[in-house]
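Here's the structure we're looking at; comments come further down.
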Amino acid sequence: MNKQWFKDVVVYQVYPMSFQDSNNDGIGDLNGIKERLPYLQKLGVDVIWLNPIYESPNQDNGYDISNYEKIQPVFGTMDDFNDLLDAIHKHGMKLLMDLVVNHTSDQHRWFKESKKSRHNKYADFYIWRDPVDGHEPNNWGSNFSGSAWTYVPERKQYYLHSFASGQPDLNWDNPEVRKNVYQMMRFWLDKGVDGFRMDVINYISKPKDLSSAPAPNGSKYAPIEPIVTNGPHLNDYIHEMNREVLSKYNVMTVGEMPNTKPEDAVKYANLDGKGLNMIFQFEHVKLSANSNKRLGKWSDKKIRLTELKKALSRWQNGLDGRSWNSLYWNNHDQPRAVSRFATDDPKYRILAAKMLGTTLHMMQGTPYVYEGEELGMTNNHYHDIHQYEDVESINAYHQFSDKEKIVKPNTMLNYLADRSRDNSRTPMQWNNDQNAGFSKVKPWYPVNPNYKYINVDVEKANPYSILHYYQRLIRIRHHLDLIRYGNYEELDPDDDQAFSYKRHYGKQTLLVISNFTDKVIERDYKQDRANELLISNYPDDKGRTIRPYETKVYLFI
Ligand code: TEU
Ligand code: CA
C-alpha cells in the first residue's frame with residue numbers, strides 16, 4: 001500500500017459545532033456535514049478533518065472527552081457517524097479524526113475512578129502529586145490561566161492539567177494508559193477512518209523532575225508549555241504508537257506540536273514513516289505574541305513580513321527531503337487569516353484572501369483550509385467580554401485585567417478582539433437567509449453580521465470569487481508535481497513588502513510573488529520570460545508592477 005498519499009492531499013477542517021445544523025437546535029451536527037459534502041467535493045479537497053465529536057461536558061468545546069467511543073449526542077448517533085464516513089468515502093474523500101489523548105475530561109470513567117483512591121486500577125492513569133507545604137506541588141501555570149494543579153480531597157493530592165481543570169493530563173509513563181489509547185485508536189481505524197490529527201501530542205511525555213521553573217517577572221506561574229513539550233520519552237511513545245497501531249493501517253497523521261523547531265519535526269515526523277507523517281508547528285502564529293511574557297499570546301501586535309517569511313522559509317528548507325510540512329494560516333484556535341496576516345478592509349479583503357491562499361498553497365507541504373477561509377471570512381471585531389464563549393479568552397480576561405491588573409480592561413478587550421479563538425468559531429456563512437443558512441433557530445454562537453455579503457451563495461455566483469480561486473489553487477496543485485514536490489528557494493528575505501519565492505523540480509521552476517501591502521511596488525524576477533502565468537488575483541498582468549495585495553504565480557519550463 002502506498003502510504004505517501006499525505007503528500008498529495010489538501011485537507012479541509014470542519015468545526016462541527018459551527019458548520020451546518022441539520023435538525024435546527026442551533027448546533028452543527030454530523031448530518032449537517034453530510035448534507036454539505038457535495039460542496040466540499042466541488043471545492044476539490046481530499047480529506048476532511050473533524051474537530052472532536054466525542055462525548056464531552058464541553059468545558060473546552062469537545063477537547064475534554066468523557067467517552068472516546070461515544071458520539072456527543074448533539075452531533076448525532078454512532079449510526080449517523082457510520083453514515084457520514086460512508087458518504088465521505090463515496091464522495092471520494094477521506095476522514096481525519098481528532099485524537100485528544102494528552103488529557104481526558106474529569107468526567108471520564110478513568111478519572112472518576114482515579115480520583116477515588118491511590119490504590120485502584122486507575123490510580124496511576126493521571127499525574128498525581130502530594131501537596132508541598134499545604135500548596136500546589138510546583139508553580140506551573142495552566143495554558144488556560146491559574147495553576148496547572150487542582151486539589152482532590154478524596155486523595156489528598158493534586159492532579160496536573162495543562163489546560164482547564166476539567167482536562168486532567170494522562171500519565172503516559174503508565175503502560176496501561178498507552179495500551180488503552182492504542183485500543184481506542186484501533187476502534188476508530190477498524191471502522192475505516194483514514195487517520196488522526198493528534199491534539200498537543202508533544203505534551204504527553206512529562207519531564208522526570210516536576211520541579212518549579214522560572215516565572216516571568218511579577219507572575220506566580222511558569223507557563224507550562226515549554227516545560228512539558230518534547231519530553232524525554234516523546235519519541236519512544238510516537239514510535240511505539242506507530243508500531244502498535246498506525247503501521248497496520250493506510251492512514252495519514254498530523255501531530256499538533258507547539259514549541260517545536262524543524263529539527264523536532266525531523267525526529268517525530270521523519271519521512272522514514274516510523275513516526276507521524278507531519279506536524280503542526282506554531283512558529284508563524286506565535287510571532288505576534290506580547291513582549292510582556294506574562295500576557296503570552298494576548299496582544300494586538302502586527303506581524304512583520306520579514307519575520308513571517310523567515311519563519312515559514314526556515315520550515316520549508318529545514319524539512320525538505322527529511323520531513324513534511326503542514327501548511328496553515330488559521331484553524332479553530334487562531335483568528336481569521338485575512339484579518340490577521342493581511343487585511344479585512346472591504347476595499348482589499350478579496351484580493352488579500354486570494355493573496356494569502358496563493359502564498360501558502362504554492363509551498364511544499366500539505367495545505368489545510370479552515371472552514372470559511374475559502375470565503376475570506378473575517379474576525380468579528382468584538383468589543384464586549386460578554387460576546388465571548390471560549391474558556392481561554394474568558395479566563396485570560398479575568399486573570400489579567402481583574403485579578404492581576406496588569407492590563408487595562410479596554411486594552412485586554414482589544415487583544416481579545418485580535419486574538420480570541422472565538423473569531424474563527426462563528427457559524428459557517430452559507431447564504432444571506434436568517435443565521436446565514438447555518439440554522440433556522442438562534443445558533444449556539446452568533447453569526448458574523450457580515451454574512452450578508454460574505455457567504456457561499458455570493459461566492460458561487462461570482463466567477464472571480466475567493467471560493468472559485470481556492471478551487472483553482474487546489475486544482476493546479478493536484479496537476480503539478482512541481483507544486484507538491486519541488487524544493488523551495490526564498491527570494492529577498494529582507495524585502496518587507498513582498499513575499500517572493502521559487503520552487504524547483506527537475507527543469508521546471510515556479511515563481512511566486514505576493515504583495516503584502518496596499519502600495520504599488522516594482523519587482524523584477526524576470527517574470528517577463530516566464531512561459532505561463534498560472535494564476536493571479538488581478539484580471540491582467542502588469543509585469544514588474546505589482547499592485548496592492550497582488551499575487552502572481554509564473555511557470556518556467
Ligand atoms: O490546542 C493547543 C494549543 O493551541 C496550545 O497548546 C497553545 O499553544 C497554548 O494555548 C498557548 O497559546 C489544542 C486544541 O486545538 C485546542 O482547541 C484545545 O483547547 C487544546 O489543545 C486542549 O485540548
Ligand atoms: Ca443540530
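The values are calculated or read from the model by the stated rules, or taken from the named source; none is laboratory data. Predicted, not measured: the structure shown is a model, and the values here were computed from it. Glycine gets a Cβ as well: all are built from the backbone with ideal geometry, and neighbour counts include every protein chain shown.
One line per residue, one yes/no per condition, for (1) in the same structural domain as Met363 (by TED's automatic domain parsing); (2) surrounded by fewer than 21 Cβ atoms within 10 Å (Cβ to Cβ); (3) more than 16 Å from ligand 1 (Cβ to nearest atom); (4) closer than 27 Å to Lys442 by Cβ:
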residue	(1), (2), (3), (4)
Gln13	yes, no, no, yes
Pro57	yes, yes, no, yes
Asp86	yes, yes, yes, no
Leu96	yes, no, no, no
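Kindly indicate whether any position in region 154-163 is at pLDDT 95 or above, buried (at least 16 other Cβ atoms within 10 Å of the Cβ) and closer than 30 Å to Asp21 by Cβ. Checking region 154-163: at least one residue is at pLDDT 95 or above, buried (at least 16 other Cβ atoms within 10 Å of the Cβ) and closer than 30 Å to Asp21 by Cβ.
Of all the numbered requirements in (1) of a type outside the set (Phe, Trp, Tyr); (2) surrounded by fewer than 16 Cβ atoms within 10 Å (Cβ to Cβ); (3) assigned to a helix (DSSP H, G or I); (4) in the same structural domain as Leu43 (by TED's automatic domain parsing), Pro463 misses one, and that requirement is (3).
In region 241-254, the condition of being hydroxyl-bearing (Ser, Thr, Tyr) and closer than 26 Å to Tyr397 by Cα is met by no residue. For region 128-147, a residue qualifies if it is of a type in the set (Phe, Trp, Tyr), within 16 Å of ligand 1 (Cβ to nearest atom) and assigned to a strand (DSSP E or B), and exactly one does: Trp140. Look at region 54-68: where a residue is in a strand (DSSP E or B) and a partner is more than 9 Å from ligand 1 (Cβ to nearest atom) and among the charged types (D, E, K, R), sitting 6+ places away or on another chain with Cβ atoms under 9 Å, you get Tyr54/Glu69; Tyr54/Lys70; Glu55/Glu69; Glu55/Lys70; Asn67/Glu55; Asn67/Arg109; Tyr68/Glu55.
Of all residues assigned to region 26-37, none qualifies as being assigned by TED's automatic domain parsing to the domain that holds Ser465, out of contact with any Asp or Glu (no Cβ under 6 Å at 6 or more places or on another chain), of a type in the set (Asp, Glu) and within 16 Å of ligand 1 (Cβ to nearest atom).
Note on region 401-429: residues that are farther than 29 Å from Leu356 by Cα, modelled with pLDDT of 95 or more and not polar (S, T, N, Q) total 3. When Tyr370, Tyr382 are screened for being within 16 Å of ligand 1 (Cβ to nearest atom) and not aliphatic (A, V, I, L, M), only Tyr370 passes.
Yes or no, residue by residue, for (1) within 23 Å of the chain's Cα centre (by Cα); (2) at pLDDT 95 or above:
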{"site": "Lys191", "(1), (2)": "no, yes"}
{"site": "Lys220", "(1), (2)": "no, no"}
{"site": "Glu225", "(1), (2)": "yes, yes"}
{"site": "Leu246", "(1), (2)": "yes, yes"}
{"site": "Met278", "(1), (2)": "yes, yes"}
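Quick one: in region 281-316, which of the residues that are under 16 Å from Arg336 (Cα atoms) and of a type in the set (Val, Ile, Thr) is farthest from ligand 2 (Cβ to nearest atom)? The residue in question is Ile303. With respect to the conditions (1) in a helix (DSSP H, G or I); (2) farther than 16 Å from Phe187 by Cβ, Trp110 falls short on a single one, namely (2). The helices (runs of 4 or more DSSP H) found wholly in region 322-437 and carrying at least 3 residues that are under 22 Å from Tyr470 (Cα atoms) occupy 337-341, 349-361. Taking region 122-139 as the range and being farther than 14 Å from Pro168 by Cα and touching a residue at least 12 places away in the same chain (Cβ under 8 Å) as the test, the residues that pass are Asp130, Pro131, Glu136, Pro137, Asn138, Asn139. Taking Asp494 as the residue in question, decide whether it is among the acidic types (Asp, Glu) and free of Cβ contacts under 8 Å to residues at least 60 places away in the same chain. In short, no. Would you point out the residue of region 38-55, among those that are of a type in the set (A, V, I, L, M, F, W, C) and within 16 Å of ligand 1 (Cβ to nearest atom), that is nearest to Met184 (Cα to Cα)? Checking each candidate, the answer is Ile53. Out of Ser162, Ser145, Ser105, one residue alone is away from ligand 2 (no atom under 16 Å from the Cβ), of a type in the set (Gly, Ala, Ser) and more than 30 Å from Met278 (Cβ to Cβ). It is Ser145. Identify all residues within region 165-182 that are among the basic types (Lys, Arg) and surrounded by 22 or more Cβ atoms within 10 Å (Cβ to Cβ); write none if there are none. Correct list: empty.
Could you tell me whether Asp21 is outside the structural domain of Phe163 (by TED's automatic domain parsing), in a loop (DSSP other than H, G, I, E, B) and within 15 Å of ligand 2 (Cβ to nearest atom)? Considered against the rule, which asks whether it is outside the structural domain of Phe163 (by TED's automatic domain parsing), in a loop (DSSP other than H, G, I, E, B) and within 15 Å of ligand 2 (Cβ to nearest atom), Asp21 comes out as yes.
Residue count for region 75-84, restricted to those that are part of a helix (DSSP H, G or I), within 16 Å of ligand 2 (Cβ to nearest atom) and surrounded by fewer than 18 Cβ atoms within 10 Å (Cβ to Cβ): 2. Does region 121-136 hold any residues that are within 14 Å of Ser212 (Cα to Cα) and either touching a His at 6+ places or on another chain (Cβ under 8 Å) or crowded, with 16+ Cβ neighbours inside 10 Å (or both), and which are they? The one that is within 14 Å of Ser212 (Cα to Cα) and either touching a His at 6+ places or on another chain (Cβ under 8 Å) or crowded, with 16+ Cβ neighbours inside 10 Å (or both): Glu136. When the residues of region 201-247 are filtered to those that are over 30 Å from Phe6 (Cα atoms) and among the β-branched types (Val, Ile, Thr), the one that is surrounded by the fewest Cβ atoms within 10 Å (Cβ to Cβ) is Ile227.
No other residue among Asp524, Asp540, Asp528, Asp518 is outside the structural domain of Lys354 (by TED's automatic domain parsing), surrounded by fewer than 18 Cβ atoms within 10 Å (Cβ to Cβ) and either aliphatic (A, V, I, L, M) or within 20 Å of Leu356 (Cβ to Cβ) (or both) apart from Asp518. Can you run down the residue pairs with Cβ atoms below 9 Å, 6 or more apart or on separate chains, where the first is in region 293-320 and free of Cβ contacts under 8 Å to residues at least 60 places away in the same chain and over 23 Å from Pro262 (Cα atoms) and the partner is within 16 Å of ligand 1 (Cβ to nearest atom) and hydroxyl-bearing (Ser, Thr, Tyr)? Hits for this filter: Lys301/Ser288; Lys301/Ser291; Lys302/Ser288. Tallying residues that are outside any helix (DSSP H, G or I), within 12 Å of ligand 2 (Cβ to nearest atom) and of a type in the set (D, E, K, R) within region 24-42 yields 2. Regarding Asp64, is this residue in the same structural domain as Gly255 (by TED's automatic domain parsing) and either within 30 Å of Tyr159 (Cβ to Cβ) or away from ligand 2 (no atom under 16 Å from the Cβ) (or both)? In short, yes.
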